[in-house]
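The values are calculated or read from the model by the stated rules, or taken from the named source; none is laboratory data. The shown structure was predicted, so the numbers you read here are calculated from the model rather than taken from an experiment. For neighbour counting, all protein chains shown are included, and Cβ atoms are generated from backbone atoms with ideal geometry for every residue, glycine included. Side chains are part of the model used for accessible areas, which takes the heavy atoms of the whole protein and leaves out ligands, DNA and RNA. Shrake-Rupley method; radii C 1.70, N 1.55, O 1.52, S 1.80 Å.
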Amino acid sequence: MQSRNRTCVLLIESNASDAERIWAALTGVEDSPYHLDCTHSLDEGIAFLRQMDHAIDIVMVDLASVKDASADPIGQIISASPHARVLVVGEDESYAPEAISKGAHEFLARSQIHTYWLPRAIRYLAQQREHDLIMQAQQKALHDEKARANVALNSIGDAILTTDLAGNIIYMNHAAEILVGCARENALGQPLSDVFKIINRNTRVIATNPALYAIEKNSPVGLESDVILVRADGSELSIEKAATPIHDSEGAVTGAIVVFHDVSESRTLAVKMTHLAQHDFLTGLPNRMLLTERLSQAIGLAYRNISQVALLFIDVDYFKHINDSLGHAVGDELLKSVAARLVSCVRATDTVCRQGGDEFVILLTEIERPQDAAVTAEKLFNAFSEPHYIGVHELHVSLSMGISVYPADGENADVLMQNADAAMYHAKLLGRNNFQFFKTEMNTRAVQRAFIEASLRRAIKRQEFELHYQPKVDIASGTIIGAEALIRWNDPQQGVIQPLDFLGIAEECGLIVAIGGWVLREVCSQLRAWLKEGYAIFPVSINVSAAELKHKYFLSGINQVLQETGLPPYYLELEFTETILMRDAELSISVLESLKDIGVQLSIDDFGTGYSSLSYLQRFPVDTLKIDKSFMRDLTNDSDNATIVSAIIAMGRNLKQRVLAEGVETAEQLAFLRTHRCNEAQGNYLSMPLPADQFAKIMTSNMLPVLSVRQRTDSL
Ligand code: C2E
Ligand code: MG
Ligand code: MG
C-alpha cells in the first residue's frame, strides 16, 4: 500500500471526468506527495475507509456522488475514519457553511477543482493532518511519561506529596497514602497541614509546614530532625523530610514537593546503639563514657547552684582471686550482683557506673556536705556485710573506696576521677574494706606510681637491675649452705630502689614476668660462671611471683634457661610464698611436682603468714620451709612468736622438710633457733645481701661469715 511519507487521499467521485481531473491535478506532477485512491460512491468509500483503518489522511468527497439525499456523508466519513481530514466538493460556495458545520475541514466549489486551488486545499489539509499526528504523538508520549512517572512514584519507598502554590495537595504517591494513613481521593485538594500533621518530638509543637516554607523561601528546605508524623488514626511515626519548590517553564513557583520517609526503625536502632555505646554490656550500668558526660553536667549544675558533687571510686577487694579460683562465669555473676547492690544503695538521681573490671564509680549529685558521701559509703559497707549467693557459692566481698568532692578536690571531671582513684588506692593500702577521702598527699602517690611504671619499662630495656646474694647458713655447722638472690633496681635518677617499692607495681602491670625471667637467667648464668671459675657453689634461690607461677611458659622457661646456661638443676632453688601457693593449691601441687621432676630445690617463703592447711603442706613437695621474719620479733622463750617458731620447727621435722629462719638480726634469735634445732638461718646478723663480687669473695674464703657464725653461735 501507500507509504507513510506520502499523504494518502481517498476520493469519492462518481463522475469519471471529474475524477480524472482531480487525479491529474494531484498526481500529475513528478514526485507528487500524494497517493490517491478513488471510489465511485459513498458506500464504497466508507467501506474502503473501514478497511484501511486510519491509513487515509484526507477524504475528498463530491456531494454529487451521494445519491441518497438523506444520507449524512460527512458524518459517515468521520465515524469511519475519525482522524482523517475531510474536503467537501459542492456545486457552489452556498454549500460551504453547512458542510463545515457538519464537520468538514475544507470546502471547494466544483469550479475550484483545478490545478491551482485543489493542490493548495489538499496541501493545507495535509499540513493540518501532519500537525494532528505530531500532536497525537506528543500527547501519547506525555501520557506514557506520566504513566511511567506514576508507576515510579508509587513504587519507591519515599512518600511524596505535591502541593499547589496555596499548599493544597495535588498529588500523593502510594507510600504517602500509607504513611499519613489517608486515601488519595480524600487527600487531594486538602491543605497539606490537614493531611500531613507533623509535630516536634520534644516540644510537641506543630512543626513548620514544609511546602509553604519551601515556596516562601523558593529553595529546597533541608531535613529537620526530631519530627513526628501524627497519622490519621492518631498513631505516631518518626520521619525525616525535605521539601522543594516546583517551578513552571518560566521559572515561577507553582507549588512544592514534600518527600519524607519513616525513620522509626533506624531511630530505634540509633537509640539502641547509643545505649550500647554508653552502657556496660555485663551489668547494664552506665559506662565510663556516660559517667564522664553526667559528671560534667553535674559539675555545671553544682557550679550554678553553689552545691557539691561527690565521686566514689570503688574496687571490689580480692575480686581477681575469686575470678581466678572460681572461674569467669562466677566472677561475672558476682559483678552483676555487686552492681545491683550498689544501685540499691543510692538515690535514683545518682549514677552507678562500671568503670571496667572490678571497678565501679558512683556519682552523687548535689550533695550539701562531703559527709553526705561518707553516709553513702557507710550504707554500702552495711549492704556488703551480707554475702552474695552465686550458684552454690556464698561469697563475702568487701569494698575499698576513695571519695573526691567537687569543688574542693578538683574542678573538672578528669581531676575528680583521678583523685577518687588515688583515694581508693590509699584505701587498699590501708588494708582494704574501708573508704578514704582524697587528700593532696595521695596524689603524689598516684603520680609516683605512674612514674615508677614508666621507669620500670625503661629499666627492663636498659638492664638497670642487679642481684644481691644473701647467704643462708647451716646453724649447726656454721657453714654457708646456700644463698637467696634478691633484686635491686639501680635507677639512674633515684639510686638503688628496694624490691618492695617496685615489685607491687610490676606485678599489677604485668612487668613482673619479664623481670622474673631476667632474674632466673642472671642467677643461672652467674652460678654457671662461678662453677666454671672453680668456686665451690651451693644452691641459690630466687623468688617466684604469682604471675610467673600461673604463666603457661613457666616450666618450659625454667627448663630452657637451665639448658642454655648449662647449670645443673640442683643449684637452682625456687621460693614461693605460702600465700601464692595457697591461692590455687591444686595447681601449685602440680607445678611443684613438675619442678621436682626437673630437679630444682623448692622452698615455701614467708611461712606462717599464709594459713596453709596441714593437708596441703603434706602434699607440697618442698625441701625447705622459710619461717617469715615477722616471727623473729620478741623471740624470747615465753612469747607467742617463740611458740609459733618452735611449732614450725617441729612440724618441719615431722614433714621431713628443712626449716630456715629468715630475718635473723640478733645473737639471741640465733641462739633460740639453735636451741630449738632449727636447721638454717638467714639474716642481716649473719650477712646482709651482697653484690655478686663481694659474695664471690665470701665463697672463696668461706671463712669470714662461717667463722663469725661459729663464733657467734659458740659464744652463746
Ligand atoms: P623475701 O623473699 O622474704 O626476702 C627476704 C627479705 O628480707 C629481703 O628483703 C631481705 O633483704 C630481707 N632481710 C634479710 N635479712 C633481714 C633481716 O635481718 N632483717 C630484716 N628486717 N630483713 C631482712 P628485700 O630484698 O627487700 O626483698 C623483699 C621481698 O621482695 C622479698 O622477700 C621477696 O618477696 C621480694 N623479692 C626480692 N627479690 C625478688 C625477685 O627477684 N623476684 C621476686 N618475685 N620477688 C623478689
Ligand atoms: Mg624469698
Ligand atoms: Mg621471706
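Here are a few things to note about the model shown:
- 5 angstrom amide H check on C8, placed H, neighbours 5+ away: H35, D57, I58
- Compared with the alpha-carbon gap, the fully stretched path from Q498 to I589 is longer by 29.7 nm at 0.36 nm per residue.
- Taken over segment 144-235, the convex hull of the Cα atoms encloses 112 Å³ per residue.
- Ligands, DNA and RNA are left out, and with a 1.4 angstrom probe the accessible area of the chain is 50 Å² per residue.
- Cα-based Rg of segment 455-590 normalised by 2.2 N^0.38 Å, two decimals: 1.09
- The trypsin sites (Lys or Arg not before Pro) of segment 1-84 that meet both conditions, a loop assignment by DSSP and at most 12 other Cβ atoms within 10 Å of the site Cβ, are R4, K67.
- Directionally averaged projected area (segment 17-90, Cα convex hull): 4.9 nm².
- Distance from the alpha carbon centroid of segment 324-352 to that of segment 354-396 works out to 9 angstrom.
- Percent carbon-and-sulfur accessible area, the chain, ignoring ligands, DNA and RNA, probe 1.4 Å: 54 percent
- Pairs from K272/K320; K272/K552; K472/K596; K320/K626; K532/K552 whose Cα-Cα separation, in the structure shown, is over 29 Å: K272/K320; K272/K552; K532/K552
- FRET efficiency for S70 and N218, using Cβ-Cβ distance with R0 set to 51 Å, rounded to 0.05: 0.20
- Fraction of the pair-distance distribution of segment 342-473 above 23 Å, Cα-Cα pairs, percent: 45 percent
- Among the protein heavy atoms, those of T636 account for about 80 Å² of accessible surface (1.4 Å probe, every chain in place).
- One equal scatterer on each Cα of segment 401-449, no solvent, Debye formula: the resulting log10 I(q)/I(0) at q = 0.15 Å⁻¹ is -0.31.
- Cα gyration tensor shape of segment 2-136, rounded if a/c is under 1.5, else prolate or oblate by comparing a/b with b/c: rounded
- Evaluating kT/(6 pi eta Rh) at 37 °C and 0.692 mPa s, with the Kirkwood radius of the chain over Cα pairs in the Stokes-Einstein relation, gives 90 µm² s⁻¹.
- Over the residues of the chain, the helix contribution to mean residue ellipticity at 222 nm works out to -14500 deg cm²/dmol, using -39500 (n - 2.57) for each DSSP H run of at least 4.
- Segment 248-316 and segment 612-688: distance between their alpha carbon centers, rounded to Å: 64 Å
- Where a label projected 7 Å from the Cα of D638 along Cα→Cβ would reach, residues of segment 652-677 with amide N under 14 Å: none
- Given a 1.4 Å probe and the protein chains as shown, R633 ends up with an accessible area of around 150 Å².
- Axis of helix 370-383 versus longest Cα principal axis of the chain: the two differ by about 80°, to the nearest ten degrees.
- Value of Rg/Rh across segment 265-336 [Cα atoms, Kirkwood radius]: 1.13
- Take each peptide in 363-374, 130-141, 24-35, 165-176, count the other Cβ atoms within 10 Å of every residue, and average; sorted highest first, the result is 165-176, 363-374, 24-35, 130-141.
- ³J(HN,Hα), Karplus 6.51/-1.76/1.60, whole Hz, each residue of segment 625-640, x for Gly, Pro: 9, 9, 5, 4, 5, 5, 7, 7, 5, 6, 7, 9, 4, 9, 7, 4
- Solvent exposure, largest accessible area first (probe 1.4 Å, DNA, RNA and ligands not counted), of W117, W489, W518: W117, W518, W489
- Gap separating the Cα centres of segment 1-68 and segment 197-226, nearest whole Å: 66 Å
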